[in-house]
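What follows is calculated from the coordinates using simple rules that are stated; it is not laboratory data. Since the model is a prediction, treat every value here as computed from it, not as a measurement. Cβ: placed from backbone, ideal geometry, glycine included. Neighbour counts: every protein chain shown.
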Amino acid sequence: MSSTTLIRGGTVLTVDPEIGDLTRGDVLVEDDRIVAVGKDLPAEGARVIDATGMIVMPGLVDTHRHLWQSAIRQIAADWTLGQYAEQMLGVIGPRFSAEDVYIADLLGALEALNGGVTTVMDWSHIVNTPDHADAAVRGLADSGVRAVFGYGNPRSPAADWYQKDLARVAGTYFSNGNQRLSLALASLGPEFSSLEETVTDIRLARELGIRTSLHVGAGLLGRTRAVTKMDEARLLGPDIIYVHCNTCTDEELQRIADSGGKISISPRSEMQMGHGYPATGRLIAAGIQPSLSIDVVSAVGGSMFAEMRGTLEAERGRQNQLSLDRGEWPADLALNTADVVRMATIEGARTLGMGDRIGSLTPGKQADIIMLRVDLPNLFLINNLPAAVTLADSENVDTVFVAGRPVKVAGKLVGHETHALQEQARSSRNRLLLGTPFAVESAA
């Protein structure tokens, strides 16, 4: 039996240029799909949700987040990339049991939903055993989020069971291409492994019909010119997501653009850890519209609203300094708030190959919808709609739908015993950090 919901009377930000935005409008949902967006839509037989005083918009899309670190938040807040590799990947990561991964993925996915992120790519380079992969998928499934599980090998060279297990996971969990969870390969890439291993990864992913995500242009590692070598090996293509790209050359960015590749940037973690200055403006100049991602939740926290703000501030600061260096006052701002809202919605969807399914309030797409309260002190009143979105935060996220199903209502997550999960996360954190310099003695 079909279910119809009418979200009525909100300020509607569609991220669909053909529909535009509505100062006061409605969104009609039938089962898991948006069927109409407009003014004064008929409500016969529908459950009506009053969106007065709310921004109604598509759910946010995060294209690269390490959910497995969600129980050890803040631990990397003062680390460089080198310290992160040494401590997180070298010391703490190998300690993770499959149950630790399940707890962290569920906790992190709920954090994402609570903050209005309806789709996340879980960059899971914590598959220490096949059981770890199963646990991560289970955590994502139990959360209710829409997710791409990025199956990640944690070390180079890869374990001898890795390729066979990726195929097992694909066949076991992802045989239906239209389900809420999908699969990608999170490859270490040529900067963190070798070109030969990257060739193997990409070929395997293409045999399975899935995307590959990999890190390039990460600090001094970018000097190896990984993208150039990949191009020479004929590996570039529209099925590859390049993460960061800070120290890639302009020529390499153009190679990615020419191949149809997609890019995920994480300006806050990049600026903290020493990846190089965020490549946002250079990407746009090359014809690439990047998507946004949190990256390291153990360092910068999980707010995509904060990521939008960080992206704006970093690129505006770069452009303004270039003007000042020329002896000129900045004439205008090259990157605006509507740009980063698109990066956090439709461009994220396109990066993950879901642009026809999510990322805008377009009839026919999946009903991944969030509602933001604007009657709180940080947002009241709306004078610039996309700017209001960038200045929001999790406290403003009142209601969240994934595929038409409510997962957060009236500011509360639905269907999860969060206190019990928090206790599990506390125990997991204590086990993981016991005997390390990072062990926590506080009650929190």
Under the Karplus curve 6.51 cos²θ - 1.76 cosθ + 1.60, θ = phi - 60°, whole-Hz ³J(HN,Hα) for the stretch 261-272, x wherever Gly or Pro sits = x, 10, 9, 10, 10, 9, x, 5, 5, 4, 5, 5
The stretch 380-422 pair-distance distribution - Cα-Cα, 10 Å bins, rounded % = 23, 39, 30, 8, 0
query = Over the C-alpha atoms of the chain, what are the Rg and the largest Cα-to-Cα span, Dmax, in Å?
reply = 21.2, 66
Prolate/oblate/rounded label for the stretch 106-146 (Cα gyration tensor, a/c 1.5) = prolate
message = Explain nothing, just compute: Karplus ³J(HN,Hα) = 6.51 cos²θ - 1.76 cosθ + 1.60, θ = phi - 60°, for every residue of the stretch 185-199 in order, whole Hz, x for Gly and Pro.
response = 9, 8, 8, 5, x, x, 7, 10, 9, 9, 4, 4, 5, 5, 4
remark   = Cα gyration tensor of the stretch 57-102 diagonalised, 5x eigenvalues square-rooted, in angstrom largest first, produces semi-axes 23, 16, 9
message = Just want to confirm a number: the relative contact order over the stretch 1-79, from Cα pairs under 8 angstrom separated by 6+ residues, in percent.
response = 33 percent
query = So how long is each side of the stretch 305-444 along the principal axes, counting just the alpha-carbon atoms, biggest first, in Å?
reply = 56, 47, 36
ask   = For residue 211, which sequence-distant residues (separation of 5 or more, or a different chain) have an amide H within less than 5 Å of its own amide H, given hydrogens modelled in the peptide plane?
value = 185
note = Computed, not fitted: 222 nm per-residue ellipticity of the chain from DSSP H runs ≥ 4 (each -39500 (n - 2.57)), nearest 500, equal to -10000 deg cm²/dmol
ask   = For residue 262, which lysines qualify as cross-link partners when the Cα separation must be under 18 Å and same-chain residues fewer than eight apart are set aside?
value = 229
request  = List every residue whose amide H lies under 5 Å from the amide H of residue 120, counting only residues 5 or more places away in sequence or on a different chain, with H placed 1.01 Å from N in the peptide plane.
outcome  = 62, 146, 147, 148
query = Counting Lys and Arg as +1 and Asp and Glu as -1, what is the net charge of the other residues whose Cβ lies under 12 Å from the Cβ of residue 275?
reply = -2
message = Whole-Hz ³J(HN,Hα) for each residue in the stretch 16-21, computed from phi via Karplus 6.51 cos²θ - 1.76 cosθ + 1.60 with θ = phi - 60°, x for glycine and proline: what do you get?
response = 10, x, 6, 8, x, 9
ask   = Among the aspartates and glutamates, which fall within straight-line cross-link reach of residue 365, defined as a Cα-Cα distance under 16 Å, with same-chain neighbours fewer than 8 residues apart omitted?
value = 16, 18, 26, 30, 31, 32, 347, 356
query = In straight Cα distance, which aspartates and glutamates are under 12 Å from residue 412, not counting same-chain residues fewer than 8 positions off?
reply = 111, 395, 398
task = Please say if the stretch 158-204 is rounded, prolate or oblate, where rounded means a/c under 1.5 for a ≥ b ≥ c the square roots of the C-alpha gyration tensor eigenvalues, and otherwise the choice is prolate for a/b larger than b/c and oblate otherwise?
result = prolate
inquiry  = Which GluC sites (Glu not before Pro) in the stretch 28-117 sit in a loop by DSSP (not H, G, I, E or B) and have at most 10 other Cβ atoms within 10 Å of their own Cβ?
reply    = 44
remark   = In Å, the C-alpha Rg and Dmax of the stretch 20-81 are 19.2, 57
